[in-house]
Every structure is written in structure tokens, then in C-alpha cells.
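The values are calculated or read from the model by the stated rules, or taken from the named source; none is laboratory data. Since the model is a prediction, treat every value here as computed from it, not as a measurement. Methodologically, a virtual Cβ is constructed for each residue, glycine included, from the backbone with ideal geometry; neighbour enumeration extends over all protein chains shown.
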Amino acid sequence: MLIAFHKPYGVLSQFTPDGSPNRTLAEFGFPKRVYALGRLDADSEGLLLLSDEPGLNTRLLDPEKGEGHLRTYWVQVERVPEAAALAKLAVGGLAIQDYRTRPCRAWLLDPQPEVPPRDPPIRFRKNVPDAWIALELVEGKNRQVRRMTAAVGHPTLRLIRTAIGDFPLGPLAAGKWMEVSAGDRKRLRL
């Protein structure tokens, strides 16, 4: 079984609490014996896959497996990035702790997407504009997107994973889930 879930802000990508005030996956009524494939930080939102199939995590998310595991993020950042900042993100090699990022795709979303407001809302600064960019990565280190945007001078305000492979989050509402059909599994190259 493979499940697509729109993880809301403030929810851990695990079933057991960690002592923080964050909610867990346990409250969303998933079938027994499923587990999250990869993760999203509690302060990130969007597409999270869950499964009860052993080995699926490695096949889907291992960066050595080719392009079947691309992950697309919409990132609301402080200030409007210029082409040079987006190029720095895309070329790879940004130092994140003891790791250097792989090349990725990075672009300014035009037009800017309309997304439902977040609860709690993002911080607002009257004299600092914000913008939405997209990043398409083949890896997923801890808080990588946030560290990448900060490294080029554009701190992340909001982060939404919108696709894994060719499988989009689509209109699935925050906190809702659905079983992935056999046809949609092909979009994930599984």
C-alpha cells in the first residue's frame, strides 16, 4: 500500500511523540503498519508518502537511484532572489554543515502561487518583500532547503513539498490522505 498525505505545518513525520508540542501522524487515521517514506520537518508542509512495503523507502529516496526520486519544493523566501542567487542554489556545492549540496534546479515562480494561509501565519515584515521560488532536489538532508536559501541570503519563510517524481501534491487538502493508485505509482517510477 502507498499513501499520499498532505502534511500540515506543526506535524512530525512520525507516529510517536518526541516530547515536543508537535502533533504526530498517529492522529490522521492511517492504516496499521504504514510508515513515512522520508520525512518533512514539523515546520514544513506538503506531500509525504507512507507505505507498508519494505524496501520502498530506499527505491524511492536514495539519490543514487537516478531521477525517480526528484522532490519539488515551493519555498517562500525573504526578498526577491536575483538570477545570481538562484544560480548559486542550482550549481550545487553549497556548504551545509559538513556536506556540499548536489546540483539542483532553482527558479522564481512566475506567477507567484496562491496558497492557503498557514496557521500560524508566517512572519511579516512591512519593509521586506517576499517571493516564492521552486527547488527541485535529488537529495534530502536535514533542513537542507532552509539552509540552502539562507546560504544565498534569502531565509525560508514557508516550505511546501509539491511533488515527488512526477507525482504532484495536487488539490489534496492539508491533513488529508489518499491511497496512491497503480497508475499514479508509475508516475513515481515504482
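Consider PHE28 carefully, then state whether it is within 15 Å of GLY175 (Cβ to Cβ), surrounded by fewer than 19 Cβ atoms within 10 Å (Cβ to Cβ) and touching a residue at least 24 places away in the same chain (Cβ under 8 Å). Don't jump to the end; show me each part of the working.
Working: within 15 Å of GLY175 (Cβ to Cβ): yes; surrounded by fewer than 19 Cβ atoms within 10 Å (Cβ to Cβ): yes; touching a residue at least 24 places away in the same chain (Cβ under 8 Å): yes.
Spelling it out, PHE28 is indeed within 15 Å of GLY175 (Cβ to Cβ), surrounded by fewer than 19 Cβ atoms within 10 Å (Cβ to Cβ) and touching a residue at least 24 places away in the same chain (Cβ under 8 Å).
So which of LYS88, LYS126 ends up being over 20 Å from LEU47 (Cα atoms), over 18 Å from the mean Cα position of the chain (by Cα), among the charged types (D, E, K, R) and modelled with pLDDT under 90? Walk me through how you get there before you give the answer.
On the way: LYS88 fails: modelled with pLDDT under 90.
Matching residue, one of LYS88, LYS126: LYS126.
Looking for whichever is in contact with a helix residue (DSSP H, G or I) (Cβ under 7 Å, 6 or more places away or on another chain), basic (Lys, Arg) and under 22 Å from GLY38 (Cβ atoms) here; the options are ARG100, ARG105, ARG118. Which one fits?
Numbers: ARG100 fails: in contact with a helix residue (DSSP H, G or I) (Cβ under 7 Å, 6 or more places away or on another chain); ARG118 fails: in contact with a helix residue (DSSP H, G or I) (Cβ under 7 Å, 6 or more places away or on another chain).
Of ARG100, ARG105, ARG118, the one residue that is in contact with a helix residue (DSSP H, G or I) (Cβ under 7 Å, 6 or more places away or on another chain), basic (Lys, Arg) and under 22 Å from GLY38 (Cβ atoms) is ARG105.
Restricting to segment 113-124, name every residue that is farther than 21 Å from ARG71 by Cβ and either in contact with a Ser or Thr (Cβ under 9 Å, 6 or more places away or on another chain) or surrounded by 10 or more Cβ atoms within 10 Å (Cβ to Cβ) (or both).
Of everything in segment 113-124, those that are farther than 21 Å from ARG71 by Cβ and either in contact with a Ser or Thr (Cβ under 9 Å, 6 or more places away or on another chain) or surrounded by 10 or more Cβ atoms within 10 Å (Cβ to Cβ) (or both) turn out to be ILE122, ARG123.
Give segment 19-54 a look and list any residue that's basic (Lys, Arg) and more than 21 Å from the chain's Cα centre (by Cα), or say none.
Quick first cut of segment 19-54, residues basic (Lys, Arg) only: 23, 32-33, 39.
Of everything in segment 19-54, those that are basic (Lys, Arg) and more than 21 Å from the chain's Cα centre (by Cα) turn out to be LYS32, ARG33.
Would you mind listing the strands (runs of 3 or more DSSP E) fully within segment 76-164 where at least 2 residues are touching a Leu at 6+ places or on another chain (Cβ under 8 Å), under 26 Å from ARG189 (Cβ atoms) and without any contact (Cβ under 8 Å) to a residue 40 or more places away in the chain? Lay out the reasoning, then the answer.
Details: elements: 105-108, 130-137, 156-164.
Result: 105-108.
When segment 58-80 is examined, which residues are found to be within 17 Å of GLN144 (Cβ to Cβ) and modelled with pLDDT of 95 or more?
Selection gives THR72, TYR73, TRP74, VAL75, GLN76, VAL77.
TYR99 is checked against (1) under 20 Å from the mean Cα position of the chain (by Cα); (2) farther than 26 Å from MET148 by Cα; (3) surrounded by fewer than 19 Cβ atoms within 10 Å (Cβ to Cβ); (4) not charged (D, E, K, R) and fails just one. What number does that condition carry?
(2)
Here are ARG33, ARG23: which of them is farther than 20 Å from PRO171 by Cα, surrounded by 15 or more Cβ atoms within 10 Å (Cβ to Cβ), of a type in the set (D, E, K, R) and not assigned by TED's automatic domain parsing to the domain that holds GLN144?
Details: ARG33 fails: surrounded by 15 or more Cβ atoms within 10 Å (Cβ to Cβ).
Only one candidate qualifies: ARG23.
Out of the residues in segment 142-169 that are among the small types (Gly, Ala, Ser) and closer than 30 Å to VAL128 by Cα, which is surrounded by the most Cβ atoms within 10 Å (Cβ to Cβ)? Step through it out loud before you land on a result.
Taking segment 142-169 and keeping what is among the small types (Gly, Ala, Ser), we get 150-151, 153, 163, 165.
In the following step, the residues that additionally are closer than 30 Å to VAL128 by Cα were identified as 150-151, 153, 163.
Details: ALA150: 16, ALA151: 16, GLY153: 13, ALA163: 20.
Applying the filter and picking the extreme gives ALA163.
Take the conditions of a type in the set (S, T, N, Q) and in a strand (DSSP E or B) and apply them to THR58. Does it pass?
Details: of a type in the set (S, T, N, Q): yes; in a strand (DSSP E or B): no.
No, not satisfied.
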